[in-house]
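Everything on this sheet refers to the single structure shown next.
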Amino acid sequence: MRLIKLDYAVLSILADDKLSGYDITARLQEIWKTTHSRVYPVLAKLEKLGLVEYEHLKQDNKPDKKIYTITGGGIEVLKQWLTTKTSHPVKKDEGLLKVLCQHLLDKENREKLIKERIKETGKEKEKLEKLFQKIKKEANGKVSDNQTKYFTAHIVSEATNTMLSLEMAFGEWVLELLNKENVTNYYDYKFVDYLHERFQK
């Protein structure tokens, strides 16, 4: 049976942790947007292939929870996948599509659109920071071995946090341009120059 990218994504999350389907979905959110309804069929498929296994965790006044673990076979499949060529990421950004045609709106609604994008990005950034703080706490706030899940979580956290911070800064730059007066040439205003000025303050 052929594995798809989401299969590898789930195996990647399980590489160093025993997790429930709910927790796997939560961990995936920072790099791979998906839903519980898609993750659970993947887990069933991987279990059937012998790449993951699970044990039941008893819960008071709740149904038993399945805790998944990657198998030795799953590790080997994951290691083989790691050596294959990586495809270019597919970007689907509804917010950026709206920015593309925001000139059709009046100034008030253009500002509203950009501010909403900044706000939603900020919420996502805050949610991911809480997740990574939880992982950092597990490591007692220190990582000295670069072959652990904590080192991996750290570099992914930095990458994700930087991208979201840049997205928020981009929105603030657009708002600044919308409020500039007597502009001769907007091409003179570069986002990279805005970033340099911002980080020098």
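The values are calculated or read from the model by the stated rules, or taken from the named source; none is laboratory data. Since the structure is predicted, the reported quantities are computational estimates derived from the model, not experimental observations. Here the Cβ is made from the backbone with ideal geometry for all residues, glycine too, and neighbour counts use every protein chain on show.
Annotations for the structure displayed:
- Considering the stretch 11-58, the residues that are in contact with a strand residue (DSSP E or B) (Cβ under 8 Å, 6 or more places away or on another chain) and in a helix (DSSP H, G or I) include one that is farthest from W81 (Cα to Cα), namely G21.
Per-residue answers, yes or no, for (1) among the β-branched types (V, I, T); (2) more than 24 Å from the chain's Cα centre (by Cα):
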site	(1), (2)
R38	no, no
A44	no, no
E47	no, yes
L57	no, yes
T86	yes, no
G95	no, no
V99	yes, no
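- Here G95 meets each of (1) modelled with pLDDT of 90 or more; (2) more than 27 Å from Y150 (Cβ to Cβ); (3) in contact with a helix residue (DSSP H, G or I) (Cβ under 6 Å, 6 or more places away or on another chain) with one exception, condition (1).
- Just so you know, in the stretch 58-73 the residues that are of a type in the set (K, R) and surrounded by 10 or more Cβ atoms within 10 Å (Cβ to Cβ) include one that is nearest to A44 (Cα to Cα), and it is K66.
One line per residue, one yes/no per condition, for (1) surrounded by fewer than 16 Cβ atoms within 10 Å (Cβ to Cβ); (2) modelled with pLDDT under 90; (3) within 27 Å of S157 (Cα to Cα):
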residue	(1), (2), (3)
T25	no, no, yes
E30	no, yes, yes
H56	yes, no, no
I75	yes, no, yes
T83	yes, no, yes
T86	yes, yes, yes
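- Selected residue (criterion: farthest from the chain's Cα centre (by Cα)) from residues of the stretch 59-84 that are within 16 Å of A9 (Cβ to Cβ) and of a type in the set (S, T, N, Q): Q80
- Residue among D60, D64, D7, D23 that alone is in contact with a helix residue (DSSP H, G or I) (Cβ under 6 Å, 6 or more places away or on another chain), over 30 Å from L177 (Cβ atoms) and not aromatic (F, W, Y): D7
- Within the stretch 1-10, restricting attention to residues that are outside any helix (DSSP H, G or I) and modelled with pLDDT of 90 or more, the residue that is surrounded by the fewest Cβ atoms within 10 Å (Cβ to Cβ) is I4.
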